[in-house]
Amino acid sequence: MARATSTAGPAGTIDAAWVAQLTRSESSLRRFLAGLPGVDQVGAEARAASLATRSIKAASKIWAIKTAISMVDLTTLEGSDTPGKVAALCHKARQPDPDDPGVPSVAAVCVYPDLVATAKHELVGSPVAAASVATAFPSGRASIPVKLADARDAVDHGADEVDMVIDRGAFLAGRFGLVLEEIRSVREICRSVRLKVILETGELVTYDNVRRASWLAMLGGADFIKTSTGKITPSATPPVALVMLEAVRDFAEAVGPEIGVKVAGGIRAAKDAIRYLVLVNEAAGPRWLDPAHFRFGASSLLNDLLMQHRKQLTGAYVGPDDYSIE
Amino acid sequence: MSWEYSPAPESRAGIGLRRSYGLFIAGNFVESSDGEAFTTINPSNEEVLAEVAAAGPHDIDLAVAAARRAYEGVWGTMRPVDRAKYLFRIARLIQEHSSELAVLESLDSGKPIRESRDVDVPLAAAHFFYYAGWADKLAYAGFGPAPRPIGVAGQVIPWSFPLLLAAWKLAPALATGNTCVLKPAETTPLTALRLAEILQQADLPPGVVNIVTGAGATGASLVANPGVDKVAFTGSTEVGKTVQQVTAGTNKRLTLGLGGKAANIVFADAPLSQAIEGIINGIYFNQGEVCCAGSRLLVQESVADAVVDKLKARLATLRLGDPLDKNTDIGAINSAAQLEKIRVLAAEGEAAGARRWSPPCELPARGFWFPPTVFTGVAQTDRIAREEIFGPVLSVLSFRTPQEAVAKANNTVYGLAAGIWTEKGSRILWVASRLRAGVVWANTFNRFDPTSPFGGYRESGFGREGGRHGLAAYLDV
């Protein structure tokens, strides 16, 4: 893989010349992506499984639970969403545990574009960001003008963060330039907004594709690369997260900026969240252990984190009805 | 921002560690006839764990005689399907006691609990399950319609995988109808003795398995004992040669599992992240105290710098410490003697001009510790490239073409194992068919299975353990 170490700027600044050179044409982009090291499936899954045996106890567990809470993008993406539902979620997001002000607020609330204004309004005065999905989420199957209008609409209605989906059809058909262009166009619209790019790894299937799509998204200007829409299975899995964490680490080394990773879909237990944090810590590095670099897209995970937090502090579990359902 | 993992020690409760152990002969624990004993310590803190009887020549005679009586009286004539039942029972008991066995193994040997729990103990049970299945199917093993056992097997094992190697020796020998006298290593007798208690629990007829603890002299006695029909030795090449000399001119059958200097070959198109994990696993699993350790990294020159950089970055994340902590990656070196050997060879490497690197590593004050170490700028002639170190020391050499990789990998007196890292399937087949190594791993390393025959070429020994091939050593064929 080409390294820009001789021409990279100080950490955090993009080596624009190198990026421009390898994205200048469809064929050079294809050659670059094909030239990335492959991912051995057995090896990747073995490493993820091995890291899942880390035993996180006591103070390190409390730290992990609180950190995970601060990394949650509390999400509702249902056809039946209403302003009332979104308002309730925002209330929870601001103060997840009213009995314990030591519990941090979550990172963001994530909704469909037509509800982001409601979310923004309900989150005023809090550090919680209003995030919106965009670009014909979840399938991404619409014409480019429609998808860009979708993104513009979210931004116009106050989204602090935008979670876009890539065109998986174009990716699988090998039209990498098209995928890149779309990301760049959305980046332009989201100039002052945090952009997360959803790869929908369940549809990409192979870890090689996950690595290539990760690089493609980062070259396109993503602030975060995200595993899934949460609308299909499989969604986030530890080996997929491992591959993406290695990609952001390699990108930081080669190009400069530290891109974030968001895992979404099917993460319900605090135990799983802690396992993901171990992956972050050991695959990407401790610099990624904050909400600016790692997120959980989840809904029911928050209550399990709160329950485990209470258990760590008091030594006892309380019942699930002690935690609000929104 | 850094996230320190809190200590997560595995509990020592209920492991059934006794203050002293006798020899296991004819189904009972007995004192040694001259009252000799030695102590076994925890190499991570030098704490004395237990006192263990030391078998002298007379004890060996008693053990071999007990094995002979059991062979002629009950085991050699038992219906194979009944032998199988004992072996299945032993396998099940190992599983039931797996927690205790894993803790005991880590205490006595210094290896991390994660390894003894996840690798050593499960594989030990698996070997008993596997060979239990062969006991009544020997007619289909390819050795004729009714292959017969040999008789009494004298078996000597090292301290690298105390329980696992006991299983590798006992399971096939018993399945084929032999009886055994097993000598565990001097520094790691405890899990073999715990296994003896499990054999009692399984009601194994007295004398079918005898365990004689002691040091080198005990092993020498056993190997030379005229009542032993078959010798199986796993240990250093140096001692293996002595064993072969002792058994020459006798009717004793012999198999040897000796040392190695395995080459882990990384091509430019290797799946890089997984190759790094494979290199790490290859040389730092069990602190490199493994006969098939990938102690030579042969990296294609075009990616050598990138691979070494990534390797060093990954090495810095390895956790060295208390073997009983569930998050420990690198445990203690097995003994003071072994630590000294590693130090001497590492110093030789530096003296020869190779560049030595270890990540910053806080070593505990007591116990035997060596940080994971990598040497670059190693020449093919350096001692650290040719001699088995049996420690967490990796020697890095480079090659240009697949032909050169094969030539360099084979340029050793050993021939136990090798690893190939490449995304190109045709290259895996091409290289593997040319490597003189008994075990070749492709895009993985240190993967073991009771169905897979393990053993070496040349000075790594002869004979295979595991699989159908593993029966051959214990059949009169």
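Any read-out appearing in this document is the output of simple, stated calculations on the displayed coordinates, not a laboratory observation. Computed from a predicted structure; not experimentally measured. Here Cβ is always computed from backbone atoms with ideal geometry, including for glycine, and neighbour counts include all displayed protein chains.
Of note:
- Compared with the direct C-alpha span, the chain from residue B:245 to residue B:34 gains 73.1 nm at full extension, assuming 0.36 nm per residue.
- Sequence-distant residues sharing a close amide H with residue B:54 (under 5 Å, placed H): B:32, B:36, B:37, B:38
- Given charges at beta-carbon only (K, R positive; D, E negative), |dipole| of segment B:1-114 in Debye: 740
- Net charge of Cβ neighbours under 12 Å - reference residue A:314; Lys, Arg +1; Asp, Glu -1: -1
- Phi-based couplings in Hz for segment B:302-318 (Karplus 6.51, -1.76, 1.60; Gly and Pro marked x): 5, 10, 4, 4, 4, 5, 5, 4, 5, 4, 5, 4, 6, 4, 5, 9, 6
- Across segment B:119-129, computed HN-Hα scalar couplings (Karplus, 6.51 cos²θ - 1.76 cosθ + 1.60, θ = phi - 60°) run 10, 4, 5, x, 5, 4, 4, 4, 5, 5, 4 Hz from first to last residue, x flagging Gly and Pro.
- C-alpha long axis of helix B:336-351 to longest principal axis of chain B, angle in °: 30
- As a length-normalised measure over Cα pairs under 8 Å and 6 or more apart, the relative contact order of segment A:16-314 settles at 19 percent.
- Taking other Cβ atoms within 10 Å as a rough exposure proxy, B:358, B:160, A:27 sort from fewest to most as A:27, B:358, B:160.
- When Rg and the Kirkwood Rh are both derived from Cα coordinates, the Rg/Rh ratio for chain A amounts to 0.96.
- Amide H contacts under 5 Å for residue A:200, placed H, 5+ residues apart: A:228, A:229
- For segment A:89-110 versus segment A:16-35, the spacing of their alpha-carbon centroids is 42 Å.
- Reported to the nearest whole Å, the Cα centre-to-centre distance from segment A:150-226 to segment B:404-477 is 46.
- For chain B, the longest principal axis of the alpha carbon atoms and the long axis of helix B:272-284 meet at an angle near 50°.
- Cα centroid separation - segment B:165-182 against segment B:246-270, whole Å: 20
- For segment B:5-89, the square roots a ≥ b ≥ c of the C-alpha gyration tensor eigenvalues yield an a/c of 1.5 or more together with a/b not exceeding b/c, which makes the shape oblate.
- Zone of residue B:201's modelled label, taken as backbone nitrogen in segment B:147-190 under 19 Å from a point 7 Å along Cα→Cβ: B:162-168, B:170-171, B:189-190
- Exposure proxy order (Cβ contacts within 10 Å, fewest to most) of B:89, A:212: B:89, A:212
- Among the GluC sites (Glu not before Pro) in segment B:46-113, those located in a DSSP loop and surrounded by at most 14 other Cβ atoms within 10 Å of their own Cβ are B:46.
- With contacts taken as Cα pairs under 8 Å and at least 6 residues apart, segment B:263-442 reaches a relative contact order of 29 percent.
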